[in-house]
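Notes for the one structure printed next.
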Amino acid sequence: MHGDTRGQALIEYALTLPMLVFALLGGADLARAYAIQLAVQNGTRAGAEAAAIDFSPTQTETIARTRDEMDRTPGMNAANAIVSVTLKQTDGTTDCVDPPTPITPCYVTVRAQYTFRTITPWPIIPNTAGFDRATTMRTIKGGAIQP
């Protein structure tokens with residue numbers, strides 16, 4: 001009688017182990033995706049803020065500040081991110097005037113695009129996710145970010 005329950009427990013363990021491993025690896029990939037998504041959002045926010053207060057007066061410095069913030073997240077390579085910086089008026093298409101006025105304010109927009117890849121190649125679930133975030137802030141400086 002005792003041998004029967006030991007065999008039954010072994011079979012139950014063998015059947016549940018793959019599900020437990022699947023849940024553990026899936027949870028890890030999901031947590032990584034969430035962390036990377038937050039890193040992209042924080043990077044755009046840091047870049048836009050730096051450009052808005054003239055901490056990074058050039059487009060290159062703004063992109064570097066954005067990537068620097070994203071690189072703080074373990075497992076993320078911000079060099080693979082596509083980062084763009086635009087400086088426009090309220091309508092989003094008209095170039096800024098220098099200096100901006102209350103009637104013609106100037107806004108800096110930093111946009112970052114990053115492709116996340118899972119560690120485990122899942123058979124049914126998509127293995128990549130595209131994160132595209134943008135942050136816009138009103139500037140307190142002149143109308144042009146230098147290239």
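The values are calculated or read from the model by the stated rules, or taken from the named source; none is laboratory data. If you're wondering where the values come from, they're calculated on a predicted model, not measured in any experiment. Here Cβ is always computed from backbone atoms with ideal geometry, including for glycine, and neighbour counts include all displayed protein chains.
Thr93 - would you say it is at pLDDT 85 or above, over 21 Å from the mean Cα position of the chain (by Cα) and not hydrophobic (A, V, I, L, M, F, W, C)?
yes
Please identify the pairs in which a residue from segment 127-139 that is assigned to a strand (DSSP E or B) has its Cβ atom under 8 Å from the Cβ atom of a residue that is surrounded by fewer than 17 Cβ atoms within 10 Å (Cβ to Cβ) and of a type in the set (Ser, Thr, Tyr), counting only partners at least 6 apart or on another chain.
Thr128/Thr115; Ala129/Thr115; Gly130/Thr115; Phe131/Thr115
Of the conditions (1) without any contact (Cβ under 8 Å) to a residue 40 or more places away in the chain; (2) of a type outside the set (Val, Ile, Thr); (3) surrounded by fewer than 17 Cβ atoms within 10 Å (Cβ to Cβ); (4) not in a helix (DSSP H, G or I), Ser56 fails just one. Which one is it?
Tallying (1) without any contact (Cβ under 8 Å) to a residue 40 or more places away in the chain; (2) of a type outside the set (Val, Ile, Thr); (3) surrounded by fewer than 17 Cβ atoms within 10 Å (Cβ to Cβ); (4) not in a helix (DSSP H, G or I), Ser56 fails exactly one: (3).
Within the bounds of segment 112-125, is there any residue that is farther than 30 Å from Val21 by Cβ, at pLDDT 95 or above and under 17 Å from the mean Cα position of the chain (by Cα)?
Yes, segment 112-125 has at least one match.
Restricting to segment 88-119, name every residue that is surrounded by 13 or more Cβ atoms within 10 Å (Cβ to Cβ), in contact (Cβ under 8 Å) with a residue 24 or more places away in the chain and over 22 Å from Ser56 (Cβ atoms).
Thr115, Phe116, Thr118
So, in segment 66-85, of the ones that are crowded, with 18+ Cβ neighbours inside 10 Å and under 15 Å from Met137 (Cα atoms), which residue ends up nearest to the chain's Cα centre (by Cα)?
Checked segment 66-85; the qualifying residue nearest to the chain's Cα centre (by Cα) is Thr66.
What are the pairs with Cβ atoms under 8 angstrom where one residue, in segment 1-30, is part of a helix (DSSP H, G or I) and the other, located anywhere, is at pLDDT 85 or above? Sequence gap at least six, or different chains.
Leu25/Ile119; Ala28/Ile119; Asp29/Thr118; Asp29/Ile119
Please determine whether any residue of segment 30-51 is surrounded by 13 or more Cβ atoms within 10 Å (Cβ to Cβ), closer than 24 Å to Met137 by Cβ and basic (Lys, Arg).
yes
Since Gln146 meets every condition but one in (1) modelled with pLDDT of 90 or more; (2) closer than 19 Å to Thr58 by Cβ; (3) over 12 Å from the mean Cα position of the chain (by Cα), which condition does it not meet?
(1)
Considering every residue within segment 37-44, establish whether at least one is closer than 23 Å to Gln113 by Cα, part of a helix (DSSP H, G or I) and either modelled with pLDDT under 90 or over 10 Å from the mean Cα position of the chain (by Cα) (or both).
no
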